[in-house]
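Please treat every number below as a calculation from the coordinates, not as lab data. Predicted model only: the values in this text are computed from it and were never measured. Heads up, the Cβs are rebuilt from the backbone with ideal geometry, glycines too, and the neighbour counts pull from every protein chain shown.
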Amino acid sequence: MIGVALTVPSQSEFDEALRRAVDDRVASRIDAQDPTLWGPDAESEASIRLSWTHLPESSRPLVAEISALREDLVAKGLDHIVLCGMGGSSLAPEVICHTAGVDLTVLDSSQPDMVRAAIADRLDRSVVVVSSKSGGTVETDSQRRAYEQAFTEAGIDPLERIVVVTDPGSPLDEEATSTGYRVFRADPHVGGRYSALTAFGLVPSGLAGVDIGALLASAETEESRLYSDDADNPALRLGVMLGVANAHDVDKLVLVDQTRHGVGDWIEQLVAESTGKLGKGILPVVVPFENATNFNPSTADSVLVTIGGDGPPEAQSGFSADLQGELGAQMLLWEVAVAVAGRIIGIDPFDQPDVESAKKAARELLGGEGSVSSPDFSENGIDVYGAGATLAEAVQTLLDQVDLDHGYLAIQVYLDRLAYADFAGVREVAAERLARPVTFGWGPRFLHSTGQYHKGGTPNGVFLQVTCAPAEDLAIAGRDFTFGSFIDSQAAGDAAVLRDHGRPVLRLHLTDVPAGLATIRELLA
C-alpha cells in the first residue's frame, strides 16, 4: 500500500487540478498513446516512447520463451544468474527479484573490486545476462568483456553462458547476433526507465526464478483503473499531487520503503530522470525504513510517500486513495503518475538531455582530451579536491552552501556498494545535522538515475563525492583503459560537469577506505 500526504498546496488547488485532468482525459489519452499530451516540443520523443502503456499484454509471449530457457539452464546445473546492466536495465530486475525472494547478482558498477568479486562468485554455475538498451553502454560492455575472458580462462564457452537483452539493431544486437549469443530484443518504443515489464525486466528476473507471468498479470488487472478518467484513479491522483506541489516549489519526494525490497531505488530513477530537466523537477529522497530522517520531521518543500505502510504520521493537508497492489501494478501506477506529473510541470518525461554530458566528459578524460586535476591538499590519507585549508574546513565550507530553505546535499560514493553497504547510513547522519533533504547514491550507478536531475533539475543541490583507489585494478580485454581508470574518469567527468552547471562539489579521495569512511562520517555528524 502507498500512503501519501501533501504538505502544500491546499486541498482546493489539488481538487481543481484533478478535475482538469479528468476533463482533459489525460489518463485515457496516455492509454491511447497520445504524444501531444506534453506539448509540441515533446511530441517527437513521446511518439516513440509510449509502448509501455500496453506491456502487460504485449510482453506476455516472453513468459514461455524465458521459462523454457530457464528450464534448460537449470537442467545443466546453471542456477546462478548475474545481471550486467545500468539504470533501467538493472534497477527493475533487482527490485522484482528482491520482492519475490529470488537470488540475483546485479553488477551495475565499473569499480574493479566489485567486478572482480562478482566474477569470482560461482562462475562454474553462472549465467550472465548482458542488458543495454542503446547497446553502447560502456560499463555494460566492459562487464561483458570481463566475463567473456573469465569464462574462456576457466575453459567455459561464453556462448553457453551469456544471454543478451538489447534493442533491435543496436550495436550490441549486431555484435551478439554475429557472435552467436542468445539475444532477446526489447520493444524499442519503450524508454529505459519505463522498461520494467519489457525483456529488460523480465529476462533476468524470469531466469532467476521469478513468476513473471504473475508480475504481468498484476499490472494487467489494474490497467482499466489506472487509465480511467476518474477522480478516484490512484495514478491520476498521485501524478496531479506531484505536479501541483511542484508548482509551489515543493520539489522533494521523500520515500520510505517499508517493504525493504528496494522499490524506492526504482522509483528514484523513474521520477528523477523523467522530471529533472529545464531547471525543474522532483528530487526523490529515499529514506530507510529504520530511520525516517527527512520524513518525520519533514521540510516544507517535501511531499511524503510511504510504500507498504499506512502513510505518513502527519500532514498539513492531504488526500486518501486506495493505492494497493502487487509489484507489477505498483510499477504501472508510478509510470502513469510520473507521466501525468510531467504534463503539469511542463517537461518531456521521456528524454534525458543531461545524462550524456557526464558520459562525454568521462570519454574525453579516458581519451586524453582532458586532465584530472591534482588534489588541493591531503590529510589523514584523504586527498581533498575543494576549498579549505583543512579537511574539516573543506567539509564545512560545502555544507555551508546548502540552502536551508530549498537546498539538498547529494552524497555520491564511487566504492564497492556491496563491500561497504553500511556506509549508506551516513545519509541519516548528514540529514540530522542539516535538517535538510540528503540523498545517497552509489557511483557510477546513480549517473544513470538521479544524475539527470543533478545537472538538469532544480539548481539547489551541493555535492559530496567520495572516491578511492581500488585494492587492485582490473584490465578490460580489448580496451586501452582499465576498470580503475574508467571509474576515476566517470567521477571526475561528472564533477566537472556539475561545476560547469554552477553546482558546488567537494571530492574526497580515500587511500585507506575503512579509515577514510569513518573520518567522513565523523565530519558529517
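See the values below:
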| quantity | calculated |
| --- | --- |
| ARG20/GLU43 FRET efficiency (R0 22 Å; Cβ-Cβ; nearest 0.05) | 0.60 |
| Between the stretch 330-366 and the stretch 404-427, the alpha-carbon center distance in angstrom | 21 Å |
| MRE, 222 nm, helices only [DSSP H, n ≥ 4, -39500 (n - 2.57), over the chain, to nearest 500] | -13000 deg cm²/dmol |
| FRET efficiency for ASP232 and ALA32, using Cβ-Cβ distance with R0 set to 30 Å, rounded to 0.05 | 0.90 |
| Prolate/oblate/rounded call for the stretch 148-276, Cα gyration tensor, a/c under 1.5 rounded | prolate |
| Phi to ³J(HN,Hα) by Karplus 6.51 cos²θ - 1.76 cosθ + 1.60 over the stretch 512-525, Hz, x for Gly, Pro | 10, 4, x, 5, x, 5, 5, 5, 4, 4, 5, 5, 8, 6 |
| Backbone HN-Hα couplings from phi across the stretch 263-268 [Karplus 6.51/-1.76/1.60, Hz, Gly and Pro as x] | 5, x, 5, 5, 4, 4 |
| Fraction of antiparallel bridges per DSSP, the chain only, in percent to nearest 5 | 25 percent |
| Sequence-separation-based contact order of the chain, relative, with Cα cut under 8 Å and 6+ spacing, percent | 20 percent |
| Karplus-derived HN-Hα couplings along the stretch 150-160 (A = 6.51, B = -1.76, C = 1.60, θ = phi - 60°), whole Hz, x at Gly and Pro | 5, 4, 4, 5, 8, x, 10, 6, x, 4, 8 |
| Residues whose placed amide H lies under 5 Å from that of ILE81, excluding near-sequence neighbours | THR105, VAL127 |
| Under-5 Å amide H pairs with ALA419, H placed in peptide plane, nonlocal only | none |
| Exposed GluC sites (Glu not before Pro) absent: longest stretch of the chain, with sites in DSSP loops and at most 10 other Cβ within 10 Å deemed exposed | 1-289 |
| Order by protection proxy (mean Cβ within 10 Å, highest first), peptides 236-246, 22-32 | 236-246, 22-32 |
| Amide H contacts of ALA292 (H built 1.01 Å from N, under 5 Å, at least 5 apart or other chain) | none |
